[in-house]
Ligand code: NDP
């Protein structure tokens, strides 16, 4: 069959970021207020610092004020907890993001549960996740990466209702919430994980596949039903001597095979990745909108 349409996450994310910027301008004009995002980072991990820098830059471009809290790796749990509490109490902050992972001596669960539900822009608070899982309930915030996957489907005119979907991976931040979101949108969802026997034949039944296993190119062309839509969350670096950096990024799908079976597919990089930050900005905007115009 002809190669799949490429779902251009970079272009879709750019459009969304412009829409957010316009909404922020409208908020400024009407309420003389801008959305505020607090970004807490503890320690000096290079990858975390890169993500935080990208998030802060994206905020600035959209007119969202970022409140920076950079804490040393030696910070105590009490100190990090206090930082969260201060942002909970700050009326100019509408979203609080604690960059994970935290240093080992700090209990992640305690910190995440201290974030005010109405400022939980990452959507990781158990009460927001609980509402996501429940019928007839809607969480205040949905985790950014799975929200970005759904937005990619919607903006590519892929109908979700009534479709068979397979999600590969069941992590709290991607696979599980992605499955819940698809189910809320009336798809019939199977979750495949590392203990699933016969994963290939399960995935092959799906009209929509969301791959989030963190396993380079594990979903082969033979796993995919002809005409399926494939959203590839995986971001895996593999050695590549032809690259200056010595590595390249690949997804969880074998792109060169899958693109001849699927009807639509996201590339890696340039698919889900750019959507995650766009959804963070969107969550922050929506948090502020709820506070000023409930
Ligand atoms: P985790 O490692 O937390 O979870 C991986 C999940 O996949 C687990 O549930 C695991 O099963 C399952 N899994 C692993 N290997 C297999 C396999 N061979 N077959 C079936 N299931 C498998 O990863 P994350 O959810 O945090 O991330 C997944 C991928 O998405 C990673 O590549 C990550 O880099 C990428 N990512 C990309 C983002 C973006 O913005 N583009 C954002 C976040 C993540 P089990 O539960 O049994 O262990």
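Translational diffusion coefficient of region 31-117 (Stokes-Einstein, Kirkwood radius from Cα pairs, 20 °C, 1.002 mPa s): 161 µm²/s. Largest GNM mean-square fluctuation among 125, 105, 94, using the chain with Cα springs under 10 Å: 105.
Remark: C-alpha extents of region 143-273 on the principal axes read 45, 29, 29 Å, sorted largest to smallest.
The angle separating the long axis of helix 272-292 from the principal Cα axis of greatest extent in the chain is about 40 degrees.
For residue 46 and residue 134, the FRET efficiency from 1/(1 + (r/R0)^6), where r spans their Cβ atoms and R0 equals 45 Å, is about 0.70.
Residues considered: 221, 136, 169. Largest GNM mean-square fluctuation over the chain, using C-alpha springs under 10 Å, is found at 136. Using a basic spin-label model with each label point 7 Å from the Cα along Cα→Cβ, how many nm lie between residue 205 and residue 186? The answer from the label model is 2.1 nm.
Counting neighbouring Cβ atoms within 10 Å and putting the fewest first, the residues 161, 243, 85 line up as 161, 243, 85.
Counted residue by residue at 0.36 nm each, then reduced by the alpha carbon distance between them, the extension gain from residue 154 to residue 6 reaches 51.8 nm. For the chain, list log₁₀ I(q)/I(0) at each q in 0.13, 0.14 Å⁻¹, using the Debye formula over Cα point scatterers of equal strength and ignoring solvent, two decimals each. Values returned for q = 0.13, 0.14 Å⁻¹ are -0.94, -1.07.
One chain, two ends: residue 225 and residue 257. Fully extended at 0.36 nm per residue, the span grows by 10.3 nm beyond their Cα-Cα distance. Nearest 10 degrees is fine. How inclined is helix 77-89 to the longest principal axis of the chain, computing both from alpha carbons? Orientation of helix 77-89: about 80 degrees from the principal axis.
Roughly what angle does helix 9-31 make with the longest principal axis of the chain, taking Cα atoms, 0 to 90 degrees, to the nearest 10? That helix lies at roughly 30 degrees to the long axis.
Counting alpha carbon pairs within less than 8 Å and at least 6 residues apart, what relative contact order, in whole percent, applies to the chain? Answer for the chain is 22 percent.
All of the numbers you see were taken from the coordinates with simple rules; none came from a lab. The structure displayed is predicted, hence computed values, not measured ones. FYI the Cβ positions are ideal-geometry reconstructions off the backbone, even for glycines, and counts take in every protein chain you see.
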